[in-house]
Amino acid sequence: MSSPTDAAPDRLRGLLEEHAALETELADPAVHADQARARRLGRRYARLAPVVETARALDAARDDLDAARELAAEDPAFAEEARGLEARIDELTDRLRELLLPKDPDDDKDVILEIKAGEGGAESALFAGDLLRMYLRYAERRGWATEVLDAVPAELGGYKDVSIAVKSRTDEGIWSRLKFEGGVHRVQRVPVTESQGRIHTSAVGVLVLPEAEEVDVTVDPNDLRVDVFRSSGPGGQSVNTTDSAVRITHLPTGIVVSSQNEKSQLQNRESALRVLRSRLLAAAREEAAATASDQRRSQVRTVDRSERVRTYNFPESRISDHRVGFKAHNLDAVLDGELDPVIDALTRAHTAELLAAGS
């Protein structure tokens, strides 16, 4: 088995040098005067730590193996230790090969997650509410902070449309965990409005965007049309008496975003701009991917938001992810935020694809 340090010496050397530079930078008190910058550097430093630790462990294991082989020539008792070190080196080599795979440039980012009711009317809106709770509970389990940016409630409960920001309180990148959630989520169950007890299938769309910072996307104010209106609740009734809700249209692309969850027009404008920047960043990434290598295009297909990605079957208490054949019969637990098993399965499949593409 070839060593990843032989296959990608320049990449490994570059990452080790970047880690050392970040360590020096983060030790400078002046850096921490800019909290956003310090947080960004800290996340990157934490992301590179496993590469550094694995590379060091691999070098140490190789040195130990050389010593064990020399001793085994004089004392056969060391032969068993040498075999154990050979197995350890194989394990570390595979681990380092995975760590050196090309990374999604957005893996360290926070996300904006949008849930939109689709086919199924009231039942779809109710399930949109269920998915919102699922993601909020998952975020709570992982210690992430959440913020509702915009919400349009439905008459019978749930949401026609809801957007939330999910932020890490540590150096953990949230996009790396949630990027595979985008797509059409189907629910199969007996709706509360169904008098005959028949199972219906409804659909909800989930859109996950890496949250763009102002340094990622420049928005020209001259490209924006800003409209204000009164916030509305279920059935369209006004929930306040001022024009605090904001709708922003990005004229060059036609992207429209709105926010009405905050009490002030200024806060709603900022929330809408956060969503707009993230959509523009996602559009730029997709445009770049369209002209990129086959490997990059395969990554984009993995997170294709147009496909039906998952089904939640209530009568059988079953969750099925159609992309990787994942199935589990613990639907209540999943809807209570136990998403790690299915996300881990998607991550493993994605890593296997990248390894296969690079072999």
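Peptides 256-264, 122-130 ranked from most to least packed by the mean count of surrounding Cβ atoms within 10 Å: 122-130, 256-264. Would you mind classifying the range 1-121 by shape? Square roots of the alpha carbon gyration tensor eigenvalues, ordered a ≥ b ≥ c; an a/c under 1.5 is rounded, otherwise it is prolate if a/b is larger than b/c and oblate if not. Judged from the Cα gyration tensor, the range 1-121 comes out oblate (a/c at least 1.5, b/c at or above a/b). Going by the alpha-carbon gyration tensor, a ≥ b ≥ c the square roots of its eigenvalues, is the range 78-229 rounded (a/c under 1.5) or, if a/c is not under 1.5, prolate (a/b greater than b/c) versus oblate? Judged from the Cα gyration tensor, the range 78-229 comes out oblate (a/c at least 1.5, b/c at or above a/b).
Which residue fluctuates most in the GNM of the chain (Cα springs below 10 Å): ASP64, ASP332, ASP171? In the Gaussian network model the winner is ASP64. Among the lysines of the chain, pairs that are 8 or more positions apart or on different chains and have alpha carbons within less than 25 Å of each other number 14. Across the range 132-139, coupling constants 3J(HN,Hα) worked out from phi with the 6.51/-1.76/1.60 Karplus curve, θ = phi - 60°, read 4, 4, 4, 5, 5, 5, 5, 4 Hz, and Gly and Pro carry x.
A Cβ-based charge dipole, computed about the Cα centre of the chain with Lys and Arg at +1 and Asp and Glu at -1, lands at about 1640 debye. Give the angle, between 0 and 90 degrees and rounded to the nearest 10, that separates the Cα long axis of helix 35-74 from the longest principal axis of the Cα atoms of the chain. Result, in degrees: 30.
Treating r as the C-beta distance of ASP220 and ASP340 and R0 as 56 Å, the FRET efficiency rounds to 0.85.
A Stokes-Einstein calculation at 10 °C with viscosity 1.306 mPa s, built on the Kirkwood radius of the chain over Cα pairs, returns a diffusion coefficient of 68 µm²/s.
Over the chain, Cα pairs under 8 Å with separation of 6+ residues give a relative contact order of 15 percent. To the nearest 10 degrees, how steep is helix 340-358 against the longest Cα principal axis of the chain, on a 0 to 90 scale? Taking Cα atoms only, the helix is inclined about 60 degrees. Dipole orientation for the chain: of the candidates GLN196, ASN330, SER124, GLN196 has the Cα lying most toward the positive pole (charges on Cβ; Lys, Arg +1; Asp, Glu -1).
Read-outs: derived from the displayed coordinates by stated rules, not from any lab. Since we're looking at a predicted model, the values are computed, not measured. Methodologically, a virtual Cβ is constructed for each residue, glycine included, from the backbone with ideal geometry; neighbour enumeration extends over all protein chains shown.
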